[in-house]
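Every number in this text was worked out from the coordinates using simple rules, so none of it is lab data. What you see is a predicted model, and the numbers here were worked out from it, not measured in a lab. In this analysis, Cβ positions are derived from the backbone assuming ideal geometry, glycine residues included, and neighbour counts consider all displayed protein chains.
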Amino acid sequence: MKKYITILFVAIAVVFSSCKKEFEPGGTEVEKMAGNWWVTSVEMKDGKEVADTKTENFLINTYNTASNSSTEMWVDDATFLKGKVKVGVDYSNRTFSADEFTETAAKDKKVKITEGKVLQGKATTPSGMPADSIVYMMQFENDAKTYKVSGFRRTGFPADDF
């Protein structure tokens, strides 16, 4: 009998020691500004869009830096910018900018991003659903033109993808 009680206690100890608590992953410091975005770019002149300069829709990504700070994030655009640039963030106002010409991560060009905003629920997707909106102005150091980049947060639904 003593043998069975010992085996029972060992079995109970093994069961309780093998139970793991679920890990609750946290978000990043810029999580409400981070994501994949369907955007277009258009050349601006005197505060107005220049006709016939709008690009096709393309994806950009915004995400936290390695330091996971609420005061900076990456804007990663492999299509128009062809690189990524670290921007300063005012998280409480959901704004971002790189007011001085800043090297892209590839260090092959300098870019300035101004007037960046993430607006919660202010865009309408192609399927007619609300989504977050992103908009910013961009200039390249070797180009006198200003470009407006704007779009909506990718929903993942096929009807909203281009």
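Quick one: which residues, 5 or more positions from Thr125 or on another chain, have an amide H under 5 Å from its amide H? H modelled 1.01 Å from N in the peptide plane, none for Pro or chain starts.
Distant-sequence amide H within range of Thr125: Ala131.
Which of Gly27, Gly88, Gly116 moves most in a GNM of the chain, Cα contacts under 10 Å?
Highest fluctuation of the listed residues: Gly27.
Could you give each residue of the range 147-159 its phi-based ³J(HN,Hα) in whole Hz, using Karplus coefficients 6.51, -1.76, 1.60 with θ = phi - 60°, and x for Gly or Pro?
Values, residue by residue: 10, 9, 10, 8, x, 10, 5, 5, 8, x, 7, x, 5 Hz.
For Lys110, what charge total do you get from the other residues with a beta carbon under 10 Å from its beta carbon, if Lys and Arg give +1 and Asp and Glu give -1?
Numbers: positive: Lys107, Lys109, Lys112; negative: Glu100, Glu103, Asp108, Glu141.
Summing Lys/Arg as +1 and Asp/Glu as -1 gives -1.
Taking H as built 1.01 Å from N, whose amide H comes closer than 5 Å to the amide H of Thr146, not counting residues under 5 places away?
The answer is Met44.
Just want to confirm a number: the relative contact order over the chain, from Cα pairs under 8 angstrom separated by 6+ residues, in percent.
Values: 316 pairs, mean separation 29.9, N = 162.
This gives 18 percent for the chain.
Test of understanding: in a Gaussian network model of the chain with alpha carbons linked when under 10 Å, which of Thr125, Thr55, Thr65 would top the mean-square fluctuation ranking?
Judging by the Gaussian network model, the answer is Thr55.
Using amide H atoms built 1.01 Å from N in the peptide plane, name the residues 5+ places from Thr65, or on other chains, whose amide H lies under 5 Å from its own.
Trp74
If you plug each phi of the range 98-106 into the Karplus form 6.51 cos²θ - 1.76 cosθ + 1.60 with θ = phi - 60°, what whole-Hz ³J(HN,Hα) values come out, in order, with x for Gly and Pro?
Result, ordered by residue: 10, 5, 9, 5, 10, 5, 6, 4, 7 Hz.
Set the bar at 20 Å for Cα to Cα. Now go through Lys32/Lys54; Lys82/Lys110; Lys86/Lys117; Lys54/Lys148; Lys82/Lys145 and name every pair that lies beyond it.
Values: Lys32/Lys54 27 Å; Lys82/Lys110 11 Å; Lys86/Lys117 15 Å; Lys54/Lys148 9 Å; Lys82/Lys145 17 Å.
Beyond 20 Å between Cα atoms: Lys32/Lys54.
What's the angle, to the nearest 10 degrees (0 to 90), between helix 2-18's Cα axis and the longest principal axis of the chain?
The helix 2-18 is inclined about 10 degrees to the chain.
Net charge near Lys148, counting Lys/Arg +1 and Asp/Glu -1 over other residues with Cβ under 11 Å of its Cβ?
Numbers: positive: Lys45, Lys48, Lys54, Lys145; negative: Glu43, Glu49, Glu115.
Its environment carries a net charge of +1.
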